[in-house]
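Trainee: Pasting a structure below so you can have a look.
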Amino acid sequence: MICVSILAGGRRDGLRKMGKAFDVADAVELRIDRLEAADLPSLIAAKRGKLIVTNRRRKDGGFFEGDERERVDLLKKAVVLGADCVDIEVGTAKRLINGLQAAVAAGGGITEVMVSHHDFRSTPAWKVLLRRLDACRALGAGTVKVVTFANSIEDNLRLLQLIPEARGRGQKIVAFCMGPKGRLSRIMAPVFGSALSYASLRKGAETAPGQLTVPEMREALRFISGGGRSS
């Protein structure tokens, strides 16, 4: 599945971007880092497919500047409003993650919790990647998301091995590398079994380094699957 990640600057901006994203993608990630709480109900009500709500703090590459309880409370609100999935960083205080899980349970368990880890500098050794997978799983993740930065082509190959490892344990996972050298993993992740691969609506609208556009992702996946033009 291709997921378009959008950073909403307000209600109108969010509705416009969501409309375009649902036209071309299998899922949409709504980044609410800069969004007013009052805008959230109308945006979630406008979803036309799977909607992931993320509230990324600055230390994890986002823009949210409030306190941690406020940040997680907005994700709880998204659960109540009917978001299909909420993304919470593994480094969030355990009591706050437990509170989010409790909100999901109170809502009938309809919303999935994605527990994510981001490394914006490097891709660590295999044993470290396994520990990060285990840390996310220990917090009750419906889907684990492990994203690292590729400083070499080899980093892609090491990170991609985490996908069959997780799936062999019965764990849904999203895993790929960021950065220019990480583009290979973004394309190959769905082939390895990643639940999602993130893309942008257009050039200049990327929410993470190395993100391809939806047309670029679809063309690459079509080529890999044997649907490309012959020479």
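Trainee: Taking R0 as 41 Å, what FRET efficiency do you get between residue 216 and residue 80 from their Cβ-Cβ distance, rounded to the nearest 0.05?
Mentor: On the way: r = 36 Å, r/R0 = 0.88.
In this case the efficiency is close to 0.70.
Trainee: Out of every Cα pair in the range 94-231, what percent are spaced more than 17 Å from each other? Don't skip to the end; give the middle numbers.
Mentor: Values: 5833 of 9453 pairs.
I get 62 percent for the Cα pairs in the range 94-231 exceeding 17 Å.
Trainee: Under a 1.4 Å probe, what is the accessible area of the chain per residue, stated in Å²? Kindly include the intermediate steps, with their values, before the conclusion.
Mentor: Values: 10450 Å² over 231 residues.
With the other protein chains kept in place, the chain gives 45 Å² per residue.
Trainee: Can I ask one more? Could you work out, for the chain, what percent of all Cα-Cα pairs fall into each 5 Å distance bin, beginning at 0 Å and stopping at the bin that holds the largest distance?
Mentor: Calculated P(r), rounded to whole percents: 1, 7, 15, 19, 21, 18, 12, 5, 2, 0, 0, 0.
Trainee: Using a Cα-Cα cut-off of under 16 Å, which aspartates and glutamates could be cross-linked to residue 127, ignoring same-chain neighbours fewer than 8 residues away?
Mentor: Those aspartates and glutamates meeting the cut-off are 119, 154, 155, 165.
Trainee: If you filter the range 111-142 for trypsin sites (Lys or Arg not before Pro), then keep DSSP loop positions with at most 11 other Cβ within 10 Å, what is left? Mind showing how you got there, number by number?
Mentor: Working: sites: 121, 127, 131, 132, 137; in loops: 121.
Listed in order of number, the matching sites are 121.
Trainee: Something else: I'd like the FRET efficiency for residue 46 and residue 105, computed as 1/(1 + (r/R0)^6) with the beta carbon distance as r and R0 of 35 Å, rounded to 0.05. Let's see the in-between values first.
Mentor: Numbers: r = 26 Å, r/R0 = 0.74.
It comes out at approximately 0.85.
Trainee: To check my understanding: the extent here is largest minus smallest coordinate of the Cα atoms along each principal axis. What are those three numbers for the range 81-158, in Å, largest first?
Mentor: Rounded to whole Å, the extents work out to 44, 21, 16 Å.
Trainee: Now a separate question. With θ set to phi - 60° and the Karplus curve 6.51 cos²θ - 1.76 cosθ + 1.60, what are the ³J(HN,Hα) couplings of the range 53-59 in order, to the nearest whole Hz, using x for Gly and Pro?
Mentor: Result, rounded to whole Hz: 10, 10, 10, 7, 7, 4, 5.
Trainee: Another one. Counting only protein heavy atoms and a 1.4 Å probe, tell me what percentage of the chain's accessible area is made up of carbon and sulfur. Spell out each step's value before the answer.
Mentor: Numbers: 5490 of 10450 Å².
Carbon plus sulfur share of accessible area: 53 percent.
Trainee: Viscosity 0.890 mPa s, temperature 25 °C: what is the translational diffusion coefficient of the range 24-134 from Stokes-Einstein with a Kirkwood Rh over Cα pairs, rounded to a whole number of µm²/s? Please list the in-between numbers first.
Mentor: Values: Rh = 14.7 Å.
For the chosen part, D equals 167 µm²/s.
Trainee: Near residue 17, which lysines are there with a Cα under 30 Å away, not counting those fewer than 8 places off in the same chain?
Mentor: Partners within reach: 47, 50, 59, 76, 77, 145, 172, 181, 203.
Trainee: Right, next: What relative contact order, as a whole-number percentage, does the chain give when Cα pairs under 8 Å and 6 or more residues apart are counted?
Mentor: Working: 450 pairs, mean separation 36.6, N = 231.
With pairs under 8 Å counted, the relative contact order is 16 percent.
Trainee: Of 199, 225, 175, which is farthest along the charge dipole of the chain in the positive direction, counting Lys and Arg as +1 and Asp and Glu as -1 at C-beta?
Mentor: Toward the positive end, the furthest listed residue is 225.
Trainee: Explain nothing, just compute: Karplus ³J(HN,Hα) = 6.51 cos²θ - 1.76 cosθ + 1.60, θ = phi - 60°, for every residue of the range 15-23 in order, whole Hz, x for Gly and Pro.
Mentor: The phi angles translate into 5, 5, 5, 4, x, 5, 5, 5, 5 Hz.
The values are calculated or read from the model by the stated rules, or taken from the named source; none is laboratory data. Bear in mind the structure is a predicted one, so any value in this text is a computation, not a measurement. Every residue, glycine among them, receives a Cβ derived from its backbone with ideal geometry; neighbour counts consider all protein chains shown. Note: accessible area is taken over every heavy atom of the protein model, side chains too, but ligands, DNA and RNA are not part of it. Shrake-Rupley method; radii C 1.70, N 1.55, O 1.52, S 1.80 Å.
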